[in-house]
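Asks: Before I ask anything, here is the structure I am working with.
The values are calculated or read from the model by the stated rules, or taken from the named source; none is laboratory data. Computed from a predicted structure; not experimentally measured. Cβ placement follows ideal geometry from the backbone for every residue including glycine, while neighbour counts extend to all protein chains displayed. To get the accessible areas, we keep the full protein, side chains included, count just its heavy atoms, and leave off ligands, DNA and RNA. Shrake-Rupley method; radii C 1.70, N 1.55, O 1.52, S 1.80 Å.
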Amino acid sequence: GRDYDRNNGIMDDHFNLSGKLKVLNNLLQKDFDERKKVLLFSHSTQSLDLIENWVRSRGSFEYLRMDGSTPSSKRQELTDQFNKTDHIFLFLLSMKATGLGLNLTSANRVIMCTLSCLSLIRECVEYTLTSVDSFCHLLFS
């Protein structure tokens, strides 16, 4: 086995070790190249931490994050910032934090990282049917 160095709580070689991050990389790069705006949802804030560290290590995607620790007073500000700022490409969201009726109208791509897929497939299909030029990707934890 090889020793892996840790940086910000993740292995330096995390991209090579994770098939899901490779898929996520391909999805995000394609959407970034096409100038899409992406919402990435996860049930787990630990998964969001990992993804955020990975996104930060890339250095090429402007992003925001909202989870259960985000103060209520800041949530609308983050929502407005994402909707009104073209260069903010990605919004990392915990599913529990977003059950408050956020209006993220500028997004046209959704990625859901989840353990429970059945209800999310239904929600994803409903989202794609109600949004113009939208698409939903599912990555399973």
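Asks: With a 1.4 Å probe and all protein chains kept in place, how do T85, T105 rank by accessible area, largest first?
Replies: T105, T85
Asks: Would you tally the net charge around L78, using a Cβ to Cβ cut-off of less than 15 Å, leaving L78 out, and scoring K and R as +1, D and E as -1?
Replies: Surrounding charge for L78 is 0.
Asks: For a quick check of understanding: with a 1.4 angstrom probe and all protein chains in place, what accessible area in square angstrom does E34 have, to the nearest ten?
Replies: Solvent-accessible area, nearest 10 Å²: 80 Å².
Asks: Still on this structure, I have one more. Using only the heavy atoms of the protein chains and a 1.4 Å probe, how would K84, K36, K74 rank by accessible area, largest first?
Replies: The ranking, largest first, comes out as K84, K74, K36.
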